[in-house]
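Data first, discussion second: the structure below is written as structure tokens.
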Protein chains: 2
Amino acid sequence: MTKKYVHPVLHEAHLIKDAVELVQSYPKVPLTVDCAIFGFEESKLKILLIKSDLEVFEGRYTLLGDMVRDNEELDAAAYRILKERTGMNDVFLDQVRAFGHPNRHPGGRVITVAYCSLLNINHHELKIHDNELNWHTVANLNEMAFDHMEIVDYCYAWLQKRIQEHPLGFNLLPEKFSLRELQNLYEAILGVTLDRRNFRKKFASMDLLIDIDEMEQDVPHRPGKLYKFNFEKYEKNKRKWVGIDF
Amino acid sequence: MTKKYVHPVLHEAHLIKDAVELVQSYPKVPLTVDCAIFGFEESKLKILLIKSDLEVFEGRYTLLGDMVRDNEELDAAAYRILKERTGMNDVFLDQVRAFGHPNRHPGGRVITVAYCSLLNINHHELKIHDNELNWHTVANLNEMAFDHMEIVDYCYAWLQKRIQEHPLGFNLLPEKFSLRELQNLYEAILGVTLDRRNFRKKFASMDLLIDIDEMEQDVPHRPGKLYKFNFEKYEKNKRKWVGIDF
DNA sequence: TCAAAAGTGTTTGTACTACACCCATGG
DNA sequence: CCATGGGTGTAGTACAAACACTTTTGA
């Protein structure tokens, strides 16, 4: 009993001439993009949500999503949708992953690609309020429409990991910020409390903060120094990963 | 000149009753999955590729891919395709991300979702040779079909990062392996050279290796000790990320 | 006896942790 | 004068990096 061996060369005769025909034979599915836009305000991590348009999800919230158009890049769709829903057009979005469970949408199969960002709420006033667009505290999210809770959980974990590798955090703060604000930010996103002295030392040693020689104003306690983020320096020193570190 | 303010309540009248109709109004796109299966052999990182079926890509290689079926989970499609193409059914696949450039496929728009894995070539003999399925050294890849070079690059970077957080590497080695083999593996995947003593110390301190009190056989030099990986121990100690570490 | 890789320890620097007190401001 | 958070230093520990010689085996 020998195994049948198919010689590669035999296959050269089978090349497909018409790629268009091939693609047309594939099943097609509706494709959407959902944006998980995180922001930071009052020492809390928040996320932008709207009310679902669908009756079956009446009262529930969803991420900012919509269909991808014909011949539209996924990234472009994400930026377009964000712009349409919020008016924002100066936000960086990163693709997180695709979600494709066949029953995730009550209207039939829809694949969605999740995008994620993190931004400074005070720099991005909401000018559009359709579908009750608003910021929601991540810690108290209720039931959401579709599988959006799962997507939020995944994006949040993705974000926690990412903020430890890249100083995304600075997008969340005013141009000038105090170390306390910076620490609040990290504590909010990572869900931990950090030692103040060690935190300050850590950032001091990274030398990514520029002391602008100004102080906080109108705070009901001793004012802290204000800093700016040194973007230039960061760009030069992007982390080199070499170690092995499970 | 005041801004027009749309009160949220106005929208409650607009709820969509028919989710199916809504979804049917979306553009639909063909959806595929592509698997980037990395393996390790002769101290080199390799990847499983097949020859493209398409005439326009005659002679070029592609990842293991195919369409996603109606109502098929993305993960399930990836496992099915891997099984169909290679016969393997005991491999873990992770989704990496979606690629959706409108012109990435000559037959029209096709979205693909990339999956990635890493395995032990010697534990997975290739029993199917359709489309010249074979292992290719990652370092010498030539031009590939579609955007598969981009996908490979992305998956490779993804893998390098991932192997530093999880000991995927052990899937690539025989059950019993020497420290030299382990080090070769890390050097091959990370593309760096590592100090032998420090490497050994690192793994010794992690206590993830079981000394099985056997030696290499038939090597043209002093034989090294053989070890097994302590999977149990690893499962208990999965890394907790807490620090901030750009 | 040679080639090739195995095996091994120390030192040095860096980075993280834990921890407590005084200071500046507004109310 | 009180409450609130700002600002600071040290000691201990753990980890990473650099670095060279002896040993074992097969050819």
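The values are calculated or read from the model by the stated rules, or taken from the named source; none is laboratory data. Just so you know, these numbers come straight off a predicted model, no measurement behind them. Positions of Cβ are backbone-derived with ideal geometry, glycine not excepted, and every protein chain shown enters the neighbour counts. The accessibility values were calculated without ligands, DNA or RNA, using every heavy atom of the protein model including side chains. Shrake-Rupley method; radii C 1.70, N 1.55, O 1.52, S 1.80 Å.
Tell me, yes or no, whether the range A:201-209 has at least one residue that is open to solvent by 10 Å² or more (accessible area, probe 1.4 Å), assigned to a loop (DSSP other than H, G, I, E, B), near DNA strand C (Cβ under 10 Å from one of its atoms) and among the aliphatic types (A, V, I, L, M). Checking the range A:201-209: not a single residue is open to solvent by 10 Å² or more (accessible area, probe 1.4 Å), assigned to a loop (DSSP other than H, G, I, E, B), near DNA strand C (Cβ under 10 Å from one of its atoms) and among the aliphatic types (A, V, I, L, M). The set of residues in the range B:61-74 being in contact with an Asp or Glu (Cβ under 9 Å, 6 or more places away or on another chain), within 12 Å of chain A (Cβ to nearest Cβ) and surrounded by fewer than 22 Cβ atoms within 10 Å (Cβ to Cβ) consists of B:66 alone.
Within the range A:168-200, the set of residues being touching a residue at least 24 places away in the same chain (Cβ under 8 Å), open to solvent by 70 Å² or more (accessible area, probe 1.4 Å) and over 21 Å from residue A:152 (Cβ atoms) comprises A:175, A:176, A:180. For the range B:168-200, taking the residues that are outside any helix (DSSP H, G or I) and within 11 Å of DNA strand C (Cβ to nearest atom), the one that is nearest to the other protein chains (Cβ to nearest Cβ) is identified as B:195.
Note on the range A:92-140: residues that are closer than 22 Å to residue A:31 by Cα and among the hydrophobic types (A, V, I, L, M, F, W, C) amount to 10.
Filtered by the rule that a residue be open to solvent by 100 Å² or more (accessible area, probe 1.4 Å), within 16 Å of DNA strand C (Cβ to nearest atom) and part of a helix (DSSP H, G or I), the range A:216-237 gives a lone residue, A:236.
Scanning the range B:43-59 for any residue that is of a type in the set (Gly, Ala, Ser) and within 14 Å of chain A (Cβ to nearest Cβ) turns up at least one such residue.
Residue count for the range A:201-216 satisfying the condition of being more than 10 Å from chain B (Cβ to nearest Cβ) and away from DNA strand D (no atom under 13 Å from the Cβ): 2.
Among the residues examined, residue A:88 qualifies as open to solvent by less than 60 Å² (accessible area, probe 1.4 Å) and either under 22 Å from residue A:168 (Cβ atoms) or within 14 Å of another protein chain (Cβ to nearest Cβ) (or both). Would it be correct to say that residue A:138 is among the hydrophobic types (A, V, I, L, M, F, W, C) and within 11 Å of chain B (Cβ to nearest Cβ)? No: the conditions fail for residue A:138. Restricting the range A:91-124 to residues that are β-branched (Val, Ile, Thr) and within 11 Å of residue A:147 (Cβ to Cβ), the residue that is nearest to the other protein chains (Cβ to nearest Cβ) is A:110. Candidates in the range A:16-60 are the residues that are open to solvent by less than 20 Å² (accessible area, probe 1.4 Å) and among the polar types (S, T, N, Q); of these, the one that is farthest from residue A:136 (Cα to Cα) is A:32.
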